[in-house]
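Notes for the one structure printed next.
The values are calculated or read from the model by the stated rules, or taken from the named source; none is laboratory data. From a predicted model like this one, the values you see are computed outputs, not experimental measurements. Here the Cβ positions follow ideal geometry from the backbone for every residue, glycine too, while neighbour counts run over all protein chains shown. The accessibility values were calculated without ligands, DNA or RNA, using every heavy atom of the protein model including side chains. Shrake-Rupley method; radii C 1.70, N 1.55, O 1.52, S 1.80 Å.
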Amino acid sequence: MKAFNSIATTVLILGFSSPTWASEGEKLYVQKTCVACHGKDAKSPILPSYPKLAGQNPDYLFQQMKDIQSGARDNGQTAAMKGVMHLVNEKEMRAIADWLSTLK
Ligand code: HEC
């Protein structure tokens, strides 16, 4: 009973502390650490030289992510991002790209 109670409490706490996401893409954007470099609104990157993503064409965003992940895109700054691209699969990239394109 005691164990059951603590599990129930944990579920309850997690349930309440996890924010409600507007979309799967937004959730992934935060969970996969994209937010750390590109900013919460996807247009306030931590470094001025990092790209703003909000409002960009979704197919373009998706293609850039695929190219960075595969190594097809590789310029001076790509290395910074390549390190996290193993965290997302194509379906997740698509969801993130679609969500980013809806931002103003
Ligand atoms: C460590 C910092 C960092 C993290 C974490 C990061 N990025 Fe990036 N991202 C960059 C940098 C720097 C570039 C520019 C790369 C280049 O110049 O090739 C970039 C480029 C991009 C681009 C291409 C933008 C364009 O205009 O061509 C997209 C899309 C993108 N990131 C999405 C994401 C997503 C989605 C995630 C999470 C899975 C993520 N990034 C995580 C730093 C980061």
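Among the residues making up region 68-94, those that are open to solvent by 30 Å² or more (accessible area, probe 1.4 Å) and touching a residue at least 40 places away in the same chain (Cβ under 8 Å) are Ala80, Met81, Val84, Leu87, Glu92.
Of all the numbered requirements in (1) open to solvent by 40 Å² or more (accessible area, probe 1.4 Å); (2) in a helix (DSSP H, G or I); (3) more than 6 Å from the ligand (Cβ to nearest atom), Pro48 misses one, and that requirement is (2). Checked against (1) in a helix (DSSP H, G or I); (2) open to solvent by less than 30 Å² (accessible area, probe 1.4 Å), Ser101 passes all but condition (2). Would you check if Lys43 is surrounded by 15 or more Cβ atoms within 10 Å (Cβ to Cβ) and more than 10 Å from the ligand (Cβ to nearest atom)? Yes; evaluated as a whole, the condition is true for this residue.
Restricting attention to region 57-85 and to residues that are more than 6 Å from the ligand (Cβ to nearest atom) and assigned to a loop (DSSP other than H, G, I, E, B), the residue that is nearest to Ser101 (Cα to Cα) turns out to be Asn57.
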